[in-house]
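Below you'll find the structure, written out as structure tokens, and then a few comments.
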Amino acid sequence: MSLFKSETTHKSGADYLVALSDKEMTGTAIDMVKPTALPRSDDGKMQRIIFAFDIDGTLIKNGSTDRQHGLVNDGDVPIVHQINTLIVLSTYKNIRIVVWSGGGKQYAEMWGKRLCIDTYVWKYASKLEYKEIKAQCDLLIAVDDIQSTWLGDVNLIVREK
């Protein structure tokens, strides 16, 4: 039975868990797996993953439609939940964060400083450096707002427009 079933009676979270443990969480775990039975890397090393975040439309919402790419505009504002995602991902042992832009490395660095994310960023880059960055990891995950972006092994497209 799912823990997310709909209930007609409203119980507090603690009461609901007690009810589950009394009724539905009895018995033995038959799906328990020994860690040695799970897939492992041949060399015992962690997979090296890079998340590469775009600036315009991904980490910042651009203010004006007639703005010049690669320049700061008065209406540009941070997209806080995307920045928070970057920060959380930076805490993982096998993840490095790249912030890049079609506007160039200097543009990415400038926004990194403005957004106060330097501490979490491993490298700033131009998107033209994607091949060099890809060569430094096992998996490159590009986070972008452009649907046709194909810079990473996996390309995550944000819903910010």
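Can you check what the Kirkwood hydrodynamic radius comes to for region 88-161, Cα pairs only, in Å to one decimal?
Radius from the Kirkwood sum: 12.9 Å.
Charges only on Cβ, +1 for Lys and Arg, -1 for Asp and Glu: so what's the dipole of region 49-157 about the Cα centre, in debye to the nearest 20?
The dipole of region 49-157 has a size of about 280 debye.
Given LYS45/LYS113; LYS123/LYS161; LYS105/LYS161; LYS93/LYS127; LYS45/LYS161, which pairs have Cα atoms separated by over 28 Å?
Long pairs (Cα-Cα over 28 Å): LYS45/LYS113; LYS45/LYS161.
Can you tell me, using C-alpha contacts under 8 Å and at least 6 residues apart, the relative contact order of region 49-157 as a whole percent?
Numbers: 184 pairs, mean separation 33.9, N = 109.
Here the relative contact order equals 31 percent.
Arrange the peptides 113-122, 56-65 so that the one whose residues have, on average, the most other Cβ atoms within 10 Å appears first.
Put in order of decreasing packing, that is 56-65, 113-122.
Using a cut-off of 13 Å between beta-carbons, work out the net charge of the residues near ILE146 (Lys and Arg +1, Asp and Glu -1, ILE146 not included).
Combined, the nearby Lys, Arg, Asp and Glu give -2.
Quick one: work out Rg over Rh on the C-alpha atoms of region 26-161, Rh as Kirkwood radius.
Computed over Cα atoms, the ratio is 1.10.
Please compute the length gained on full extension between THR91 and LYS34, using 0.36 nm multiplied by the number of residues separating them and subtracting their Cα-Cα distance. Spell out each step's value before the answer.
Details: separation 57, 0.36 × 57 = 20.52 nm, distance 2.69 nm.
Stretched fully, the THR91-LYS34 segment lengthens by 17.8 nm.
Quick note: the coordinates plus some simple rules give every number you see, no bench work behind them. Nothing here was measured: the structure is a model prediction, and the numbers come from that model. We place every Cβ from the backbone using ideal geometry, glycine too, and count neighbours over all the protein chains shown.
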